[in-house]
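First comes the structure, then the notes that go with it.
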Amino acid sequence: MEQVIFTERANQIVRKDGAVDFTIACNRDSLAGAVSQRACVFCGSRVVLYPIADALHLVHGPIGCAAYTWDIRGALSSGPELHRLSFSTDLKEKDVIFGGEKKLYQALTELIARHKPSAAFVYSTCIVGIIGDDLNAVAKRVEAEQGIPVIPVASEGFKGNKREGYHAACKALSKLVGRGDVSAVSPLSVNILGDFNLAGEIWIIKDYYQRMGVEVVATLTGDGRVADIEKAHGAALNVVQCSGATQDLAVMMQETYGTPFIRASYFGIEDMSQALYDVAKFFAEKDPGIMDRAKALVRDELSMLYPKLQEYKKDLKGKKAAVYVGGAFKAFSLVKSFRHLGMDVVVVGSQTGTEEDYKELAAITDEGTIIVDDANPLELSAFIKEKDVDIFVGGVKERPIAFKLGVGFCDHNHERKEALEGFAGMLNFAREVHATVMSPVWRFTPRRSGKAASAATSCTSPERPCDCAEVK
Amino acid sequence: MKDGSPFVSTTNACKLCTPLGACLAFKGIEGCVPFLHGSQGCATYMRRYIISHFREPVDIASSALGEKNAIYGGGANLKKGLLNVMDKYGAKAIGLATTCLTETIGDDVKMILSEFRSEFGDLSLPAILPVSTPSYSGTHMDGFTGALRAAVDVLAGEEKTPAVNVLSGFVSPEDIRHLKTICRAFCLPATILPDYSDTLDGGAWEEYEKISPGGTPIAAIRAMGGAPASLEFGRTLDPARTAGGLLEERFGVKRLGLGLPIGLRETDAFMAALEELSGRCLPRALGAERARLVDALVDGHKYVAGKRCLIYGEEDLAVGLASFAAEIGLVPVLVASGGSSGRLTSAVAAVSGDILREQPQVASGVDFYEIADKAKTLAPDLILGNSKGYRVLAKELNVPLVRVGFPIHDRFGASRVIHLGYRGAQSLFDRVANALIEKKQADSDIGYGYI
Ligand code: SF4
Ligand code: SF4
């Protein structure tokens, strides 16, 4: 059943075979005509910067780019919610011909007057890259006139995929960092990077750090505030989650301010605990009691979580999962989380993983697991069938593929409404997996019942015609 | 450009971009894969947006242009992409829409396609339906209408058919199914274009279907030039830009322009046209639906009487809703749309002028910020529109929102919302009355057990 659908993509798909050295092609441009699940540079920048709740996010371009990103992500704010509005310069034909700088200037000026944001981000879209508006000049002028940071984001969509967008966003963020006064910041302090506070997740993580006695200076960018980000260089450590999104910022801050960083994942039991231990280890010299506090915290949380997980595991043992997510780092945690539920991940892939990411995935998965870079609906559906999985973890674009084929689904993307991070999140994850995998509805779907449920199929039994038109 | 608005920026758009509409229309053609000539992002965003409403697979291919193509032209990628879609999807037709990027760099799609045809003429090529859809002029409705005109332009011929053309506009899959039932009741063969009633609201599958089954058959579109007549819904349409207009210009197929049959009177007009075309009188089942509707309007009129309602959405939908609102006794206070055909005001007046004492405010080319701004002083009791107005209008004003049209991203069953015909009007009326009742019940401390 190992058919190759797009020959050009053959080396972006690997079946794990321990006897052979692992290689995979990745970080390529998407193939023309294949329906890639990827987005664009702009999307990457938007994802990273969007949760900054007291900033104005103005999309400079035609209306679609802004309309499709209006309040679509569950990034929560504990205060202002300016990020949930969608601002666009809504470029028209004449702007495309004569340039959009004047319109951009007016738009920024009127929106800043109306909403009094703490900063403004201006995103470039594809056609802005073509018509050649000078965003820097406009931003500088408005910044001088309005007295708030106005930061252009070089996110022209065609310049690559989401990764380049992350980079552009990090560059934009680095222009905010360093502006604030850090004299009051504790020596036991961190910034949380690469978490977007979906369904309030960053509040869970922040609470853990605070219980350990660590001050959180800035959250980047979930529940983010401009003033906190301006003080971020005062923190002793950057804790960076996710493979790509904010790593570049951590590197920039290390170069400019000497702030060290560690990587972390807050999904699943091992990775969550490890993150807390790593932070504790970092501060152990300054505060010898911190490791004990971290351990106690993990113990408390686990003693509540464990028995409940066992209940779910009873039902889920031996079931199979397919995982297709944006960044590969999330995939690592998911492979481990499924193990806790007694399940195996048999297909795993990402939109933007790197060679090392895929090597690491190959190392932690079982023989025969399909590992894929930048997949498309035809491939994903073929893998689901080949491996006969019970659940598919992905985003909204993957959901109908799973459901059409009679497979359970868990939304692990930016639109999720359930917190999946932390120990509490692991329980939510287990509950969600259980709810979908164990649903009685699968037995009625054609894949399981062997019966085509589609009314579109024509009459199969001439003796018992299904339509009166067929009665002679 | 916006009626009386000093703002240059758009906040919370009440419209979508042109190619999205084109993709939706192409989904209603059998064996057709929508294809966007542009960068990858646009296609992915539109897919996500459409999927969240219909909850069905929506594959939209893209020529996935990168930086080099943006500078040197996207012809090579477009050809490669077309070949891939032909080969992997086995498409019978490819609906090819441009995007802002390829329009701006000035890719000559016509020329690229003629090169493509001469280079690969030896292969059996699908029908390629090209439509120009720069988003910086127009909205998704222009893309929708343009795509249908493109399809007819490429495919339609003169071969005679008894089937009447029904160009039903941007309606729900349930609406399309209902239109089929109606035509069948009149024993009137009909070609409904586009027909995404199965492709965007289909059954469960055994095997992954590369192209969702269903859609207006290509052979039927080929015969549209030989049809006895076309019914085209939408009072704000300009026939010079529609499929129905083209069929009339080129093949002399008589075009009957009607409003979307929303509510009693617009449906009556539709039925009258069908009676004329079929030579039959109103079928009994439909007559019974009409009778029940009128009875319900009487039974429920007090719940809705004089309630102020705010309407927004695509222009033709908004006109239909305004007509319906007026005839059931609601008072439309604002009819708003992100579209700007220039015909909204006159269309609203035409459908409600003889009922309403005072014409509602009509706003075209507006965004939700402006609608919300106006709403503050208009104090509506009820809102009719898509789900995008939930947070910024309905929640803000604490007023019920009856969800209609597209998108409905925050409720289940969007594909099965029915707007058209007597049955659609019945459903809308029940929902409107219940929304008002529910609000009254919820706001009262008494805990009314009957209302
Ligand atoms: S660039 Fe144009 S076509 Fe693409 S999403 Fe933006 S508005 Fe739509
Ligand atoms: S136009 Fe460019 S920036 Fe906008 S959505 Fe499309 S690819 Fe992304």
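Residues of region B:34-52 include none that is away from ligand 1 (no atom under 15 Å from the Cβ), assigned to a strand (DSSP E or B), over 24 Å from B:Glu103 (Cα atoms) and outside the structural domain of B:Asp373 (by TED's automatic domain parsing). With respect to the conditions (1) of a type in the set (Val, Ile, Thr); (2) more than 13 Å from ligand 2 (Cβ to nearest atom); (3) under 25 Å from A:Ala39 (Cα atoms); (4) in a helix (DSSP H, G or I), A:Ile127 falls short on a single one, namely (2). Exactly one residue out of B:Ser168, B:Ser197, B:Ser124, B:Ser137 is of a type in the set (S, T, N, Q) and under 17 Å from B:Val33 (Cβ atoms): that is B:Ser124.
If you go through region A:32-42 and keep only what is of a type outside the set (S, T, N, Q) and at the interface with chain B (Cβ under 7 Å from one of its Cβ atoms), you end up with A:Ala32, A:Gly33, A:Ala34, A:Val35, A:Arg38, A:Ala39, A:Cys40, A:Phe42. Considering (1) away from chain A (no Cβ under 14 Å); (2) over 23 Å from B:Ala273 (Cα atoms); (3) surrounded by 24 or more Cβ atoms within 10 Å (Cβ to Cβ); (4) not aromatic (Phe, Trp, Tyr), the lone condition that B:Gly157 does not fulfil carries the number (3). For region B:194-242, residues that are within 14 Å of chain A (Cβ to nearest Cβ) and within 30 Å of B:Gly342 (Cα to Cα) total 2.
Here's a check for you: in region B:275-294, which residue that is under 18 Å from B:Ala190 (Cβ atoms) and touching a residue at least 12 places away in the same chain (Cβ under 8 Å) is farthest from the chain's Cα centre (by Cα)? So, considering only residues that are under 18 Å from B:Ala190 (Cβ atoms) and touching a residue at least 12 places away in the same chain (Cβ under 8 Å), the one farthest from the chain's Cα centre (by Cα) is B:Arg280. Of all residues in region A:144-173, those being among the hydrophobic types (A, V, I, L, M, F, W, C), modelled with pLDDT of 90 or more, part of a helix (DSSP H, G or I) and in contact with a helix residue (DSSP H, G or I) (Cβ under 6 Å, 6 or more places away or on another chain) number 4. Might you check whether a residue that is over 29 Å from A:Thr369 (Cβ atoms), surrounded by fewer than 24 Cβ atoms within 10 Å (Cβ to Cβ), within 16 Å of ligand 1 (Cβ to nearest atom) and among the acidic types (Asp, Glu) occurs anywhere in region A:49-64? No, because not a single residue in region A:49-64 is over 29 Å from A:Thr369 (Cβ atoms), surrounded by fewer than 24 Cβ atoms within 10 Å (Cβ to Cβ), within 16 Å of ligand 1 (Cβ to nearest atom) and among the acidic types (Asp, Glu).
A single entry from B:Ala185, B:Ala156, B:Ala147, B:Ala127 fulfils the requirement of being small (Gly, Ala, Ser), in contact (Cβ under 8 Å) with a residue 40 or more places away in the chain and out of contact with any Lys or Arg (no Cβ under 9 Å at 6 or more places or on another chain): B:Ala147. Evaluating A:Ile5 against the criteria (1) more than 12 Å from every other protein chain (Cβ to nearest Cβ); (2) more than 16 Å from ligand 2 (Cβ to nearest atom); (3) in contact (Cβ under 8 Å) with a residue 24 or more places away in the chain leaves one unmet condition, (1). Scanning region A:43-79 for residues that are touching a strand residue (DSSP E or B) at 6+ places or on another chain (Cβ under 6 Å), part of a helix (DSSP H, G or I) and at the interface with chain B (Cβ under 9 Å from one of its Cβ atoms) yields a count of 3. Filtering region A:160-217 to residues that are small (Gly, Ala, Ser) and closer than 26 Å to A:Met426 by Cβ leaves A:Gly194, A:Ala199, A:Gly200, A:Gly213. Among the residues of region B:26-39, is any touching an Asp or Glu at 6+ places or on another chain (Cβ under 9 Å), of a type in the set (D, E, K, R) and within 7 Å of chain A (Cβ to nearest Cβ)? Within region B:26-39 (the criterion being touching an Asp or Glu at 6+ places or on another chain (Cβ under 9 Å), of a type in the set (D, E, K, R) and within 7 Å of chain A (Cβ to nearest Cβ)), the answer is no, since none of the residues qualifies. When region B:112-154 is filtered for residues that are within 16 Å of ligand 1 (Cβ to nearest atom), more than 14 Å from chain A (Cβ to nearest Cβ) and surrounded by fewer than 19 Cβ atoms within 10 Å (Cβ to Cβ), nothing remains. Selection within region A:119-153: residues that are within 26 Å of the chain's Cα centre (by Cα) and away from ligand 1 (no atom under 16 Å from the Cβ). The member of this set that is surrounded by the most Cβ atoms within 10 Å (Cβ to Cβ) is A:Phe121.
The values are calculated or read from the model by the stated rules, or taken from the named source; none is laboratory data. All values reported here derive from a predicted model rather than from experimental measurement. Positions of Cβ are backbone-derived with ideal geometry, glycine not excepted, and every protein chain shown enters the neighbour counts.
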